[in-house]
Amino acid sequence: MFPNSILGRPPFTPTHQQHNNFFALSPTLYSHQQLIDAQFNFQNVDLSRAVSLQPLTYGTVSPIQTSTSPLFRGRKRISDEKAFPLDGKRQRFHSPHQEPTIINQLVPLSGDRRYSMPPLFHTHYIPDIVRCVPPLREIPLLEPREITLPEAKDKLSQQILELFETCQQQASDLKKKELCRAQLQREIQLLFPQSRLFLVGSSLNGFGARSSDGDLCLVVKEEPVNQKTEARHILTLVHKHFCTRLSGYIERPQLIRAKVPIVKFRDKVSCVEFDLNVNNTVGIRNTFLLRTYAYLENRVRPLVLVIKKWASHHDINDASRGTLSSYSLVLMVLHYLQTLPEPILPSLQKIYPESFSTSVQLHLVHHAPCNVPPYLSKNESSLGDLLLGFLKYYATEFDWNTQMISVREAKAIPRPDDMEWRNKYICVEEPFDGTNTARAVHEKQKFDMIKDQFLKSWQRLKNKRDLNSVLPLRAATLKR
């Protein structure tokens, strides 16, 4: 399990365990004065006197040395305000890079069509260097759930399965991200000693590809923070710390002042791009909701991955450019599978309200996937038929003008008449906080492009029954 995280053993050896935990701390965890103190800590921290961090190494690759130089050696960045729209998801870097050979050698090849619900892997014990952080209670290991991939009885279904097996995130990919998270948590705790850093999003929800970026959520207190003021101030301190202290193994750190501000950076060791936010805790909850859906039925993960690849290929999977985010696409797939005449998925929030309630403490949300048994559907549609049905549903059946996509209700529901939904082109309900995850689609031209791509792809695929007709497999496999 993860060291120093909500998903594994406690951060200290048993002799150092305490009985309180981070999320039971006082709500007034970081007052204005404490933020000033954190800034003072940043300006005066002497890393030469701190316990030295363990260098990150993968296989036999040489460890990356961390720099203590106060000089920022990165390149000059353009203005964040001009480069990124306020409502859009931050744009990804497209810099080419190669993973170390040793990493590629560790990727397991698929011998037969079986995979497991990953027990979030074991790593060697690494103690926290900041002893004032209250450890979390020990959490039992997640038991693996063995799932057999669906049988492919036609060419289209076979192509979907082969693409999934080639491009799905491997355990070694997840381990690289977790090692970076653990290292960064220890660094950030020099500024905010009682904070916790969580890995969230596609890296952990079961829908990640080998090329997926990493999403991190820095939790400094249990209640929400003001994203325009408090979160930006905290991220400003984190950004300065990355620039001055960690330039040896972090490059291109950028503070992006979006609706939910982030620090965006690249880890030199793993070559993974990361987005780090503050207290956007709904991301922790929906990570484990989606993880439960991902392993609930064996056709869900292959179908989601191929649809994300298809949308990316046709340039409709980038919220920073006014199209659909990956999160919105996943919710659209789940909604489609819930609304079939013979549903393939139920509403987990209706059947297991106690497991997916917002009242569940954050350090317990990872239990949800363990508490839900596999869903047995009478629908025997092939992956090829489901892909065709998904394209047809949004091309010809769904009413974009009056309906809202709701995974929480497992059906399309009327749009509410308020500012969040009024005059929006696409409405996808966030299952926990009820916001519109597709609000980035705010131009009619982009909306028409999305609808047109659904229609054209459905017609082309229906006629040829070949995935290459809508998604060139060679190019999709190379991107992984």
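Output the number of residues of region 148-160 satisfying the condition of being part of a strand (DSSP E or B) and either modelled with pLDDT of 90 or more or open to solvent by less than 20 Å² (accessible area, probe 1.4 Å) (or both). So the answer is 0. Kindly indicate whether any position in region 395-410 is farther than 16 Å from residue 433 by Cβ and within 24 Å of the chain's Cα centre (by Cα). Looking through region 395-410, at least one residue is farther than 16 Å from residue 433 by Cβ and within 24 Å of the chain's Cα centre (by Cα). I'd like to check something: does region 294-306 contain any residue that is more than 16 Å from the chain's Cα centre (by Cα) and within 22 Å of residue 264 (Cα to Cα)? No, region 294-306 contains no residue that is more than 16 Å from the chain's Cα centre (by Cα) and within 22 Å of residue 264 (Cα to Cα).
In region 163-179, the residues that are more than 14 Å from residue 205 (Cα to Cα) reach residues that are assigned to a helix (DSSP H, G or I) and modelled with pLDDT under 95 with C-beta atoms within less than 7 angstrom, at least six apart or across chains, in these pairs: 163/473; 163/476; 163/477; 166/477; 167/477; 172/103; 172/106.
Rundown of residues vs (1) under 27 Å from residue 463 (Cβ atoms); (2) not aliphatic (A, V, I, L, M), yes/no style:
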| position | (1), (2) |
| --- | --- |
| 352 | no, yes |
| 376 | no, no |
| 393 | yes, yes |
| 396 | yes, yes |
| 399 | yes, yes |
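Can you pull out the residues in region 272-301 that are among the β-branched types (Val, Ile, Thr) and in contact with a helix residue (DSSP H, G or I) (Cβ under 9 Å, 6 or more places away or on another chain)? The answer is 272, 278, 281, 284, 287, 292, 300.
Could you grab me the full set of residues in region 321-336 that are assigned to a helix (DSSP H, G or I), open to solvent by less than 30 Å² (accessible area, probe 1.4 Å) and touching a Gly at 6+ places or on another chain (Cβ under 8 Å)?
336
There is no residue in region 293-308 that is open to solvent by less than 10 Å² (accessible area, probe 1.4 Å) and farther than 30 Å from residue 388 by Cβ. The sole residue among 269, 260 that is free of Cβ contacts under 8 Å to residues at least 40 places away in the same chain, in contact with a helix residue (DSSP H, G or I) (Cβ under 8 Å, 6 or more places away or on another chain), hydrophobic (A, V, I, L, M, F, W, C) and part of a loop (DSSP other than H, G, I, E, B) is 260. Scanning region 410-428 for residues that are under 23 Å from residue 358 (Cα atoms), open to solvent by less than 50 Å² (accessible area, probe 1.4 Å) and touching a helix residue (DSSP H, G or I) at 6+ places or on another chain (Cβ under 8 Å) yields 410, 412, 428. Scanning region 261-284 for residues being open to solvent by 10 Å² or more (accessible area, probe 1.4 Å) and out of contact with any Lys or Arg (no Cβ under 9 Å at 6 or more places or on another chain) gives a total of 6. Of the numbered criteria (1) touching a Cys at 6+ places or on another chain (Cβ under 7 Å); (2) surrounded by fewer than 22 Cβ atoms within 10 Å (Cβ to Cβ), the one residue 200 fails is (2). Going through region 460-478 one residue at a time, which ones are over 28 Å from the mean Cα position of the chain (by Cα), open to solvent by 40 Å² or more (accessible area, probe 1.4 Å) and without any contact (Cβ under 8 Å) to a residue 60 or more places away in the chain? Correct list: 460, 463, 464. Exactly one residue among 281, 236, 287 is of a type in the set (Ser, Thr, Tyr), at pLDDT 95 or above and within 27 Å of residue 317 (Cα to Cα), and that residue is 287.
Looking at this structure, is residue 232 within 30 Å of residue 359 (Cβ to Cβ), open to solvent by less than 20 Å² (accessible area, probe 1.4 Å) and in a helix (DSSP H, G or I)?
So residue 232 does not fit the description; no.
Taking the conditions (1) assigned to a helix (DSSP H, G or I); (2) at pLDDT 95 or above; (3) of a type in the set (Val, Ile, Thr) in turn, residue 244 satisfies each one other than (2).
If you check residue 450 against the conditions, is it at pLDDT 95 or above and in a strand (DSSP E or B)? Taking the combined requirement at face value, the residue does not satisfy it.
Any idea which residue in region 166-197 is farthest from residue 238 (Cα to Cα), counting only those that are open to solvent by less than 10 Å² (accessible area, probe 1.4 Å) and in a loop (DSSP other than H, G, I, E, B)? The residue in question is 195. Whether a residue is within 27 Å of residue 432 (Cα to Cα), touching a strand residue (DSSP E or B) at 6+ places or on another chain (Cβ under 9 Å) and modelled with pLDDT under 95 was assessed, and residue 194 does not pass this test. At least 3 residues that are surrounded by 17 or more Cβ atoms within 10 Å (Cβ to Cβ) and at pLDDT 95 or above in each: list the helices (runs of 4 or more DSSP H) lying fully within region 337-397 that qualify. In region 337-397, 383-392 are the helices (runs of 4 or more DSSP H) which contain 3 or more residues that are surrounded by 17 or more Cβ atoms within 10 Å (Cβ to Cβ) and at pLDDT 95 or above.
The values are calculated or read from the model by the stated rules, or taken from the named source; none is laboratory data. Quantities reported herein were computed from a predicted structural model and do not represent experimental measurements. Methodologically, a virtual Cβ is constructed for each residue, glycine included, from the backbone with ideal geometry; neighbour enumeration extends over all protein chains shown. Heavy atoms of the whole protein, side chains included, go into the accessibility calculation; ligands, DNA and RNA do not. Shrake-Rupley method; radii C 1.70, N 1.55, O 1.52, S 1.80 Å.
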